[in-house]
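The values are calculated or read from the model by the stated rules, or taken from the named source; none is laboratory data. Here the structure is a predicted model, which is why all the values come from computation and not from measurement. Note that each Cβ is placed from the backbone with ideal geometry, even for glycine, and that neighbours are counted across all protein chains shown.
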Amino acid sequence: MSDKKYADMTDAELLAAVPQWYDCSADEKAAFRQQIVPRLDADDTFSFDGDENCNGGNGNCCWGGIERRCACGNRRVAWTWDHGMWRAEAY
Ligand SMILES: [Zn+2]
């Protein structure tokens, strides 16, 4: 794992570094860079849809945006494009 910032990566590098993202249109890639990449570089965490059963049923879980699973390990989470916004969703 390099310490290269996600913002400095090419699209191909970014796709390889973020396994829960996927190849998409140029507009969607641009939006991902605008909406999500700065937060990845800031080591932010993300809320996601589908965390009702996380933390022993208490919900309120979060996700780092890179790993395959949420913080408590209960759900697999991925990025999904939804009406002009990227959001995190369990699947
Ligand atoms: Zn969780």
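Here are the numbers:
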read-out	value
Selection count, the range 58-86, where residues are within 16 Å of the ligand (Cβ to nearest atom) and either of a type outside the set (A, V, I, L, M, F, W, C) or more than 21 Å from D23 (Cα to Cα) (or both)	17
Any hit, the range 12-19, residues being in contact with a Lys or Arg (Cβ under 7 Å, 6 or more places away or on another chain), over 13 Å from V77 (Cβ atoms), more than 16 Å from the ligand (Cβ to nearest atom) and not aromatic (F, W, Y)	no
Test result for A7, surrounded by fewer than 13 Cβ atoms within 10 Å (Cβ to Cβ) and within 15 Å of the chain's Cα centre (by Cα)	yes
In the range 20-57, residue nearest to H83 (Cα to Cα) [restricted to those that are within 16 Å of the ligand (Cβ to nearest atom), part of a loop (DSSP other than H, G, I, E, B) and at pLDDT 95 or above]	F48
Unmet criterion (only one of (1) on the phi < 0 side of the Ramachandran plot; (2) assigned to a loop (DSSP other than H, G, I, E, B); (3) touching a strand residue (DSSP E or B) at 6+ places or on another chain (Cβ under 8 Å)) for G65	(1)
Residue check for D43: touching a Gly at 6+ places or on another chain (Cβ under 9 Å), under 13 Å from Y6 (Cα atoms) and of a type in the set (D, E)	yes
